[in-house]
1. Of all helices (runs of 4 or more DSSP H) completely enclosed by the stretch 93-207, which ones contain at least 3 residues that are under 21 Å from the mean Cα position of the chain (by Cα) and surrounded by 16 or more Cβ atoms within 10 Å (Cβ to Cβ)?
2. Quick check, is A237 under 21 Å from N142 (Cβ atoms), surrounded by 15 or more Cβ atoms within 10 Å (Cβ to Cβ) and of a type outside the set (K, R)?
3. Name the pairs: first residue in the stretch 92-112 and under 15 Å from P63 (Cβ atoms), second residue of a type in the set (D, E, K, R) and assigned to a strand (DSSP E or B), Cβ to Cβ under 7 Å, at least 6 apart or on different chains?
4. Counting only residues that are out of contact with any Ser or Thr (no Cβ under 9 Å at 6 or more places or on another chain) and either among the polar types (S, T, N, Q) or modelled with pLDDT under 95 (or both), how many does the stretch 82-124 have?
5. Taking Y45 and the conditions (1) touching a helix residue (DSSP H, G or I) at 6+ places or on another chain (Cβ under 6 Å); (2) outside any helix (DSSP H, G or I), which numbered condition does it fall short on, given that it satisfies the others?
6. Working only within the stretch 13-29, note down all residues that are of a type in the set (A, V, I, L, M) and at pLDDT below 95.
7. Check A72 against each of (1) part of a strand (DSSP E or B); (2) farther than 30 Å from S249 by Cα; (3) among the small types (G, A, S) and name the one condition it does not meet.
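The values are calculated or read from the model by the stated rules, or taken from the named source; none is laboratory data. Small disclaimer: the values here were computed from a predicted structure and weren't measured. Note that each Cβ is placed from the backbone with ideal geometry, even for glycine, and that neighbours are counted across all protein chains shown.
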Amino acid sequence: MSAASFSHHTAGVNGIHVHYVRQQPDGADIRMPLVLLHGWPEFWYVWHRNIPALSRHFDVIVPDLRGFGDTATPPGIPALGDYVADLAGLLDHLGVERAGIVSHDVGAHVAQAFALAHPHRVKGLFFGNCPYPGIGRRWVENRHANQIWYQSFQLLPLALELVGASRDSCRAYFRHFLDHWAAQPGRFDDDLEAWVDNFMKPGNLEGGFNWYKAGNEARLRQISDGPQPRPVIDLPARFLWGREDPVLSSQWVNGLEDYFSNAVIEICEDAGHFVFYEQPDRANEAITSFFLQLAEVDGRI
């Protein structure tokens, strides 16, 4: 489906404008709100293979994080709390008291922080490949430092100039990640130009790179000091982790139990970093099953 096939909205929250897509079930029976949070190098459209199936059962809300897609890129380097406040403000704007959250990568950082700050507003958490404080020194062990070079490169002022020099340079940069991080190169070929269009919009390269500037100190602490302390998240949490992810290794599920008290973990074969995009049918089935079970507990269906 093209981007124009979806229902687009903008909300003024937390001092910025936030773009989001919303799709609801047909008829008056509006089910549990379900928020989908993208990662990097992504924007809301990475979920276009999931939104139609999930909206048969849920009120699906898909924002662009600040600095991504058509959401504003305000001046300065944000803090993780800014992304959390954006999400809280969006839910307030929509009159949503409690929602399920589906996320991975950058979105998983935001989902975890939101769940710790506002546990009463979260029904459950569904993660794809999920960065968490327990990864620790594994970020650079066993030559894994070769996989995370971009996290340092994107801190440099010249990164914006080099990647954004032309559509060709932008395409080459993002094609690398979309090909290398997926289980098989070429899975994003049909959507590659949509990615180039997105990241060539003014502010979008900077907005994405700002995420890595915002999280640099926390990342360096993990690398130098090992797993970092954090309160345990007691909400129901499910993980569908792509087996072939070269940057967030599926072996790193070992340790999740120290940070989530109620975690169920499944490894998804023939998927890499972009598990929801690469295996949408499998992901949609798992997400739907998980949240319908939680909805039954609430008497919401």
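1. Those helices (runs of 4 or more DSSP H) span 106-117, 167-181, 192-199.
2. no
3. A99/K123; G100/K123
4. 1
5. The number of the failed condition is (2).
6. A28
7. (1)
Yes/no matrix, rows are residues, columns are (1) touching a residue at least 60 places away in the same chain (Cβ under 8 Å); (2) more than 18 Å from the chain's Cα centre (by Cα); (3) assigned to a loop (DSSP other than H, G, I, E, B); (4) more than 17 Å from H104 (Cα to Cα):
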site: E217; (1), (2), (3), (4): no, yes, no, yes
site: P227; (1), (2), (3), (4): yes, yes, yes, yes
site: P231; (1), (2), (3), (4): yes, yes, yes, yes
site: L240; (1), (2), (3), (4): yes, no, no, no
site: V247; (1), (2), (3), (4): yes, no, yes, no
site: V264; (1), (2), (3), (4): no, yes, no, no
site: F276; (1), (2), (3), (4): yes, no, no, no
site: A283; (1), (2), (3), (4): yes, no, no, no
site: L292; (1), (2), (3), (4): yes, yes, no, yes
